[in-house]
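Shown next, in C-alpha cells, is the structure this report addresses.
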C-alpha cells in the first residue's frame, strides 16, 4: 500500500488510478482518504468493501431511504459544521 500526500495527488493521480495497489491519502500528516484499487480482483479488502457497501445499500432500500435523502442530510450536516 502506498501513502501519498494530498499536495502531491494532482501530479500522481493518473498513475495511482492505473495501479493495482491501494493508496492512503494524507493531508497535514493525517489520514484523509483510502483509495481502494478495483483492478486487483483477488484483494480481500476490495471484496469486503463491496460486501459492506452492498449490505448498506440493501439496508437503506429496506428502510425506504433514498440516496438523495442521504446526500441532503449530509449537505445539511456539513453546512451546520461551518458555523
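The values are calculated or read from the model by the stated rules, or taken from the named source; none is laboratory data. None of the values given here were measured: they were computed from a predicted structure. Don't worry about glycine lacking a Cβ; one is built from the backbone with ideal geometry, like all the others, and counts go over all protein chains shown.
Structure notes:
- Scanning the range 32-45 for residues that are over 17 Å from residue 13 (Cα atoms) and either surrounded by fewer than 13 Cβ atoms within 10 Å (Cβ to Cβ) or modelled with pLDDT of 75 or more (or both) gives 41, 42, 44.
- Residue pairs whose Cβ atoms lie under 7 Å apart, separated by 6 or more positions or on different chains, with the first residue in the range 1-15 and in the same structural domain as residue 30 (by TED's automatic domain parsing) and the second part of a helix (DSSP H, G or I) and modelled with pLDDT of 75 or more, are 4/12; 4/16.
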